[in-house]
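Student: This is the structure, below, for whatever I ask next.
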């Protein structure tokens, strides 16, 4: 058993976050989720096809296990969204896995119309046998919170409007970085003949997540509110994953500019803001100073983790050694992120900024789930 697995088994110092050392559970099931789950179950009976959106970084962990028996019984397409944040060297293995499971699956970027059009082509192909005999078809979009359903819905609607401009305009679906933005079921037409309607649904989790690592992956991907688990604990898990995989050791070549002494025209007293790390709107292009600052910040963070792991004499497969390494890395990250030494909430600030770098893809593309060695029996 690896050091990470041992840490997870004993709680990773996370015993008071609703996980317990024996496996425990994470509970975040707001009232609207319970109501939405009931509504989804009822409307699934009327749906001709289910479009299940998952996070490409966690293809299995982002599946709602309670709904799987119902979803697998329907005509279904699994869309692995946020493929731009997922490791392309592993994504093809996941495609092979779903193919072996006889499940239609496609990796997409919900913000790319070209990517979404390919998804719609697959949906249309799957509906072909029904189109000839049904005047009205219903496609339901489901998924856990914050996998990008609303962003996908908006892209689909824009494509539909360009093809069928006469249909009524729909208010854009609310999109945000926090889970729980969409809280009711709404829909719109995307085709005239036959009439095809798409229903958007709120992101719903299972009432209780019994597996610690699944819960942490969902929290790391943003499907569970940070306040439920705690940013520091999520950051600890991310560091443990990076260390046990040896990821920082591969970041040495990314720091060539440091060795070459490349300098940038950047303000010396640049004020750090998390907004600098988030995508800018097209009509508000990023300031070059901000771009260079964030790039340099990422390099400092990568170098800090590379250095601490390279110089560490312990064994990352040992839970005690791994915990010691993570403590050292928090200190190194505090310096890299230029957080005041005496800040009373330094570790929390480090965690928030570190998680933002990961979630926005600044640390590189990742897939946290491992491809199963076996194909589940359907």
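Read-outs: derived from the displayed coordinates by stated rules, not from any lab. From a predicted model like this one, the values you see are computed outputs, not experimental measurements. Here Cβ is always computed from backbone atoms with ideal geometry, including for glycine, and neighbour counts include all displayed protein chains.
Student: I need the peptides 309-321, 214-226, 111-123 ranked by packing, meaning the mean over residues of other C-beta atoms within 10 angstrom, with the highest value on top.
Tutor: The peptides rank, most packed first, as 214-226, 111-123, 309-321.
Student: At what distance in angstrom do the alpha carbon centres of the stretch 84-129 and the stretch 327-372 lie from each other?
Tutor: 31
Student: In addition: At a Förster distance of 22 Å, what's the computed FRET efficiency of residue 112 paired with residue 362, Cβ-Cβ distance as r, to 0.05?
Tutor: Working from the Cβ atoms, E equals 0.70.
Student: Express in nm, to one decimal, how much length is gained between residue 345 and residue 227 on full extension, taking 0.36 nm for each residue of separation and deducting their alpha carbon distance.
Tutor: This chain segment gains 41.0 nm when fully extended.
Student: Using label points projected 7 Å from each Cα along Cα→Cβ, tell me how many nm separate residue 73 and residue 296, to one decimal.
Tutor: Label at residue 73, label at residue 296, 6.0 nm between them.
Student: Let me ask you something else. Need the full-extension length gain, residue 45 to residue 208, defined as separation in residues times 0.36 nm minus the C-alpha distance. One decimal, nm.
Tutor: Full-extension gain reported as 56.2 nm.
Student: Assuming R0 = 56 Å, what is the FRET efficiency of residue 195 and residue 313, from their Cβ-Cβ distance, to the nearest 0.05?
Tutor: Efficiency for this residue pair is about 0.25.
Student: When the chain is fully extended, how far beyond the present Cα-Cα distance does residue 324 get from residue 84, taking 0.36 nm per residue of separation?
Tutor: 83.1 nm
Student: Still on this structure, I have one more. After finding the eigenvalues of the alpha carbon gyration tensor for the stretch 25-162, what semi-axes result from the square roots of 5 times each, listed largest first in whole Å?
Tutor: 21, 21, 16
Student: Suppose R0 equals 41 Å. What FRET efficiency, 1/(1 + (r/R0)^6) with r the Cβ-Cβ distance, do residue 35 and residue 99 give to the nearest 0.05?
Tutor: My answer for the efficiency is 0.70.
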